[in-house]
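The values are calculated or read from the model by the stated rules, or taken from the named source; none is laboratory data. A quick note: this is a predicted structure, and the numbers were derived from the prediction, not measured. Glycine gets a Cβ as well: all are built from the backbone with ideal geometry, and neighbour counts include every protein chain shown. Keep in mind that these areas ignore ligands, DNA and RNA; they rest on the heavy atoms of the full protein, side chains included. Shrake-Rupley method; radii C 1.70, N 1.55, O 1.52, S 1.80 Å.
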Amino acid sequence: MLRTASLGCFVIGCVLLFSYLTRWTTTLDITPGYLALWAVLGTATVAWQLRRGSLGIRRSWTLALTAVSAALLTDRLAGDTVLFELPLWAAPLLLLPGLPYAITDARAKKNSRT
């Protein structure tokens, strides 16, 4: 369970870092739609992975469409107000718990090929 939580934080940190880099900013405005999108994606993916295993392509697309619909609906209902601003240092902070697990997985994958 600790490994899953750490890798989840690692993925969230990577996504946030990518968002900072694409928008070329040091603070990220978190809006209700953005928060709803990631909440639906994260919750449904973790619940499905714990219950069944792999999502598969059809269920992944269904989940993505559901998350986008929730984000658009939330954006429409709540508006474009900024809930809070996330500073740049938050992304590397979220990367830290999952970094040892990610490195171990990469090494194990590399060693299994040879």
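A few comments on the model shown:
- Accessible surface, per residue, of the chain when the full set of protein chains is kept, probe 1.4 Å, Å²: 73 Å²
- Within the chain, longest stretch clear of exposed chymotrypsin sites (Phe, Trp or Tyr not before Pro) (DSSP loop, no more than 12 other Cβ within 10 Å): 25-88
- Separation between Cα centres of region 81-114 and region 5-31, rounded to whole Å: 11 Å
- Karplus (6.51, -1.76, 1.60) ³J(HN,Hα), θ = phi - 60°, over region 65-75, in Hz, Gly and Pro reported as x: 5, 5, 5, 5, 4, 5, 5, 5, 5, 5, 4
- Accessible surface of the chain [probe 1.4 Å, protein heavy atoms]: carbon and sulfur percent: 69 percent
- Assigned charges on the beta-carbon of Lys, Arg, Asp, Glu; the chain dipole about Cα centre (debye): 800 debye
- Which of 40, 30, 81, positive extreme of dipole for the chain (C-beta unit charges): 40
- Sorted largest first, the principal axis extents computed over the alpha-carbon atoms of region 5-114 equal 52, 35, 21 Å.
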